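K.L.:
So that we are looking at the same thing, I have put the structure below in structure tokens.
The values are calculated or read from the model by the stated rules, or taken from the named source; none is laboratory data. Just so you know, these numbers come straight off a predicted model, no measurement behind them. Because the Cβ atoms are built from the backbone with ideal geometry, glycine has one as well, and the counts that use them run over all protein chains shown. Please note that ligands, DNA and RNA were not included when accessible areas were found on the heavy atoms of the full protein model with its side chains. Shrake-Rupley method; radii C 1.70, N 1.55, O 1.52, S 1.80 Å.
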Amino acid sequence: MDEALFLDHVAGRLAGLPGVRAVTLGGSRAQGTHTPDSDWDLAVYYRGRFAPADLRGLGWEGEVSELGGWGGGVFNGGAWLTIDGRRVDVHYRDLDVVEHELAEARQGRFRWEPLMFHLAGIPSYLVVAELAVNKVLCGTLPCPDYPEPLRAAAPGVWRERAALTLGYARAACVRRGQVTELAGALATGAAQSAHAVLAARGEWVTNEKRLLERAGLRGVDAIVAGLRAEPGALERALDEAEALFAGAA
């Protein structure tokens, strides 16, 4: 089955599930940055009732989570599947939640949520970003611009989180020579700072995979690589990181 037929087939089956109002293609394949072995990222937008058991009933091989199985916030579950030999991720998106977060983003408001595999966690406006960058395959969804109130508010929130992350590391890790903990703080602070940079530009973020490159913060690699278990060296690393993060725009 060629890629176009494959996508039509999978999207059609997902669109036919009870409660589903729309299906989108996301990730690298929606943005044209994929490689031949990239997986397929799909999202099902449902209203009211959605039963993961119905997705399991399609008979595709893989793991299907319950609602809330991937953190319980805006990123509320999904499935890792193999279909026709291809890797397919399916994300659940509650339309009531998505519409609420769109309204909040337009007022410059958002929440921070932890999410596995994301160093900095995610903003609740991630589901709004998906509306803007994903390709609608079935149904109808809004395609929002980046709200100016969010562009004004989000950078300061992210920069404050980065400053607190590095400040804690300076107080708790330096004198103990804790290289691993400080490296983790640098990585987290870099991701938080990158969110600030891209929010200030009005650029949507849906994951962290190319976040540092997009924000011009890949230089943190050299800082992390040079860490040594000496308080003076760790202090200097934090100074360098703070200067790098502050200068990114």
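K.L.:
Can you tell me which condition His91 does not meet? The list is (1) closer than 20 Å to Val205 by Cβ; (2) open to solvent by less than 50 Å² (accessible area, probe 1.4 Å); (3) part of a helix (DSSP H, G or I), and all the others hold.
P.N.:
Only one criterion in (1) closer than 20 Å to Val205 by Cβ; (2) open to solvent by less than 50 Å² (accessible area, probe 1.4 Å); (3) part of a helix (DSSP H, G or I) is unmet by His91, namely (3).
K.L.:
Here's something else I'd like to know. Would you say Arg151 is of a type in the set (Lys, Arg), assigned to a loop (DSSP other than H, G, I, E, B) and touching a residue at least 40 places away in the same chain (Cβ under 8 Å)?
P.N.:
no
K.L.:
Residue check, Ala103 against (1) surrounded by 14 or more Cβ atoms within 10 Å (Cβ to Cβ); (2) under 30 Å from Arg21 (Cβ atoms), all met but one. Which one?
P.N.:
(1)
K.L.:
Just checking, which of Leu58, Leu17, Leu67 is outside any helix (DSSP H, G or I), farther than 23 Å from Pro144 by Cβ, open to solvent by less than 70 Å² (accessible area, probe 1.4 Å) and in contact with a Phe, Trp or Tyr (Cβ under 8 Å, 6 or more places away or on another chain)?
P.N.:
Leu17
K.L.:
Looking only at the range 196-212, count every residue that is at pLDDT below 95 and under 13 Å from Pro147 (Cα atoms) and tell me the total.
P.N.:
Count: 0.
K.L.:
Then there's this: Criterion first (in contact with a Phe, Trp or Tyr (Cβ under 7 Å, 6 or more places away or on another chain), open to solvent by less than 50 Å² (accessible area, probe 1.4 Å), in a loop (DSSP other than H, G, I, E, B) and touching a residue at least 24 places away in the same chain (Cβ under 8 Å)) does Phe75 satisfy it?
P.N.:
No.
K.L.:
Hey, can you tell me all the residues within the range 20-48 that are crowded, with 17+ Cβ neighbours inside 10 Å and part of a helix (DSSP H, G or I)?
P.N.:
Gly27, Arg29, Ala30
K.L.:
Another question about this same structure. So, in the range 147-164, how many residues would count as being open to solvent by 30 Å² or more (accessible area, probe 1.4 Å) and either within 30 Å of Leu7 (Cα to Cα) or not basic (Lys, Arg) (or both)? I'd like the intermediate steps shown before the answer.
P.N.:
Within the range 147-164, the first condition is being open to solvent by 30 Å² or more (accessible area, probe 1.4 Å), and the residues that meet it are 148-149, 151-153, 156-157, 159-161, 163-164.
Remaining after also requiring either within 30 Å of Leu7 (Cα to Cα) or not basic (Lys, Arg) (or both): 148-149, 152-153, 156-157, 160, 163-164.
So the count comes out to 9.
K.L.:
Taking the range 114-149, which residues are closer than 14 Å to Tyr45 by Cα and among the acidic types (Asp, Glu)?
P.N.:
Within the range 114-149, Glu130 is the sole residue that qualifies.
K.L.:
Run Ala162 past the list (1) out of contact with any strand residue (DSSP E or B) (no Cβ under 9 Å at 6 or more places or on another chain); (2) assigned to a helix (DSSP H, G or I); (3) free of Cβ contacts under 8 Å to residues at least 60 places away in the same chain and report the number of the one that doesn't hold.
P.N.:
Among (1) out of contact with any strand residue (DSSP E or B) (no Cβ under 9 Å at 6 or more places or on another chain); (2) assigned to a helix (DSSP H, G or I); (3) free of Cβ contacts under 8 Å to residues at least 60 places away in the same chain, Ala162 violates only (3).
K.L.:
For the range 186-193, indicate whether the set of residues that are open to solvent by 60 Å² or more (accessible area, probe 1.4 Å) and within 19 Å of Phe110 (Cβ to Cβ) is non-empty.
P.N.:
Looking through the range 186-193, none of the residues is open to solvent by 60 Å² or more (accessible area, probe 1.4 Å) and within 19 Å of Phe110 (Cβ to Cβ).
K.L.:
Check whether at least one residue in the range 195-202 is buried (at least 17 other Cβ atoms within 10 Å of the Cβ), among the hydrophobic types (A, V, I, L, M, F, W, C) and in contact with a Gly (Cβ under 8 Å, 6 or more places away or on another chain), and report yes or no.
P.N.:
yes
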